[in-house]
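One structure below.
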Amino acid sequence: MADRAAGMHLPATARRLPGRARRRTDVLSEYEEFNADRRRRIPSALWPFFAPDADQYYRWRVQLDCACIKELMTPGDRTPPSERRWRAPGDGEALPPGQLYCRHEDSGHAPYRDIVEWGDRREVSFPADPAEPPEWADAEVWALLRHDEPHTSAFWKVTLDCGHVEEVVAPTLDWKPDHGPRLADPSRVKQMTVEFEQLLTSNPTLEPEYQREHTRRMLASGWPVPSPERQCYTCPHARVIVAYQHVGWFTPRNEALKPACPAPPARDVLERRLRRAEAEADRLRTQLTRYDEGQDA
């Protein structure tokens with residue numbers, strides 16, 4: 001999971017995948033129904049950008065590192081799906097290039113990742129909490145957590161070192177990332193550390209190992225708020241595209257008008273291609289140097 005989250009994987013290969021693509025007529029019918037609903041909610045001038053005709057899409061089948069095979073559509077050109085960015089379900093954030101969301105019940109826990117960038121901020125207002133504690137808290141804990149009056153909290157979007165985006169609650173409304181985290185009193189941290197280790201000794205199964213190590217890191221760094229790391233709930237379900245298969249244009253090209261000026265590949269796609277080409281050129285130069293050295297000898 002760590003390699004996948006960090007984007008460390010081999011380039012996807014183009015090959016024939018097991019099984020067959022869905023019937024074009026079935027997929028076309030579903031897309032037209034979806035697109036009709038989408039067009040009812042946006043002005044017609046925006047249709048080419050947010051609700052294009054089906055003949056603008058190219059179809060693919062992709063295989064993920066979890067062995068699942070999915071069908072995808074890409075607009076405008078035939079840039080492989082492994083070189084594009086795909087969003088998590090619903091209003092999810094864009095994943096790193098070549099990753100696709102694929103949920104499995106046995107995907108494992110959400111790991112802690114370091115925060116590498118702070119993004120947008122939003123405020124959310126909440127009503128007063130009920131007096132009765134929820135099922136997950138006893139009366140003593142709820143008395144410490146409960147807000148007896150309406151309150152507003154600030155949420156910041158953060159990018160983690162795995163490339164995924166989560167949200168963090170700020171300690172106060174006026175807090176900014178430039179302020180840095182707030183640390184607890186050293187004597188209180190020392191007391192918390194002793195109590196935590198005593199609790200684990202008396203109940204070794206109280207927390208899973210990854211949660212235990214997170215708590216120890218927090219205590220060792222002075223219990224910073226907000227924490228410099230955050231659980232990533234995307235990592236367990238972010239799968240890497242390892243292979244892809246061409247299916248073809250949604251509407252065969254001889255049945256549809258070709259775009260007058262096809263859109264060029266995205267800049268990040270061109271940059272990745274350039275880096276691969278430069279790496280190959282360096283490798284060939286090294287081989288030539290070794291060859292020349294051998295001839296001189």
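The values are calculated or read from the model by the stated rules, or taken from the named source; none is laboratory data. Given the structure is predicted, the values throughout are model-derived calculations rather than measurements. Ideal geometry is used to build each Cβ from the backbone, glycine not excepted, and the neighbour counts take in all protein chains shown.
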**OP:** Return the total of residues in the range 157-169 being touching a helix residue (DSSP H, G or I) at 6+ places or on another chain (Cβ under 9 Å) and free of Cβ contacts under 8 Å to residues at least 60 places away in the same chain.
**Re:** 0
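Of all residues in the range 220-254, count the ones that are assigned to a strand (DSSP E or B) and farther than 16 Å from R182 by Cβ.
Initial filter on the range 220-254 (assigned to a strand (DSSP E or B)): 225, 229-231, 238-249.
Applying the additional criterion that residues be farther than 16 Å from R182 by Cβ yields 230-231, 238-249.
Going through the range 220-254 one residue at a time, the tally reaches 14.
Does P171 satisfy the condition of being at pLDDT below 95, of a type outside the set (D, E) and either closer than 21 Å to L100 by Cα or under 31 Å from the mean Cα position of the chain (by Cα) (or both)?
The answer is yes for P171.
Across the range 111-126, which residue is nearest to T234 (Cα to Cα) among those that are of a type in the set (K, R) and surrounded by 12 or more Cβ atoms within 10 Å (Cβ to Cβ)? Give the steps one after another, and end with the answer.
Step one: list which residues in the range 111-126 are of a type in the set (K, R), which gives 113, 121-122.
If we keep only those that are surrounded by 12 or more Cβ atoms within 10 Å (Cβ to Cβ) too, we end up with 113, 121.
On the way: R113: 11, R121: 20 Å.
Among those residues, the one meeting the criterion is R113.
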**OP:** Within the range 153-210, work out how many residues are in contact with a Pro (Cβ under 7 Å, 6 or more places away or on another chain), small (G, A, S) and farther than 30 Å from R85 by Cβ.
**Re:** 0
**OP:** Scan the range 127-140 for residues that are surrounded by 12 or more Cβ atoms within 10 Å (Cβ to Cβ) and either among the aromatic types (F, W, Y) or over 33 Å from the mean Cα position of the chain (by Cα) (or both) and report the count.
**Re:** 1
Subject >> G19 being within 23 Å of G98 (Cβ to Cβ), of a type in the set (G, A, S), modelled with pLDDT under 90 and part of a loop (DSSP other than H, G, I, E, B) >> reply: no
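Is it the case, given these coordinates, that E93 is buried (at least 18 other Cβ atoms within 10 Å of the Cβ), within 26 Å of L270 (Cβ to Cβ), within 16 Å of the chain's Cα centre (by Cα) and among the charged types (D, E, K, R)?
Working: buried (at least 18 other Cβ atoms within 10 Å of the Cβ): no; within 26 Å of L270 (Cβ to Cβ): yes; within 16 Å of the chain's Cα centre (by Cα): yes; among the charged types (D, E, K, R): yes.
No.
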Subject >> Total residues in the range 98-119, condition over 12 Å from V165 (Cα atoms) and in contact with a Phe, Trp or Tyr (Cβ under 9 Å, 6 or more places away or on another chain) >> reply: 8
Subject >> Number of positions in the range 51-77 that are out of contact with any helix residue (DSSP H, G or I) (no Cβ under 8 Å at 6 or more places or on another chain), farther than 18 Å from R24 by Cα and surrounded by fewer than 18 Cβ atoms within 10 Å (Cβ to Cβ) >> reply: 4
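Can you give me the ranges of the strands (runs of 3 or more DSSP E) entirely in the range 41-153 with at least 2 residues that are more than 19 Å from W249 (Cβ to Cβ) and of a type outside the set (K, R)?
Details: elements: 57-64, 69-75, 99-101, 112-126.
The qualifying strands (runs of 3 or more DSSP E) are 57-64, 99-101, 112-126.
Okay, residues lined up against (1) within 29 Å of P18 (Cβ to Cβ); (2) at pLDDT 75 or above; (3) within 25 Å of the chain's Cα centre (by Cα):
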| site | (1), (2), (3) |
| --- | --- |
| V242 | yes, yes, yes |
| F250 | yes, yes, no |
| L270 | no, yes, yes |
| R273 | yes, yes, yes |
| R285 | no, yes, no |
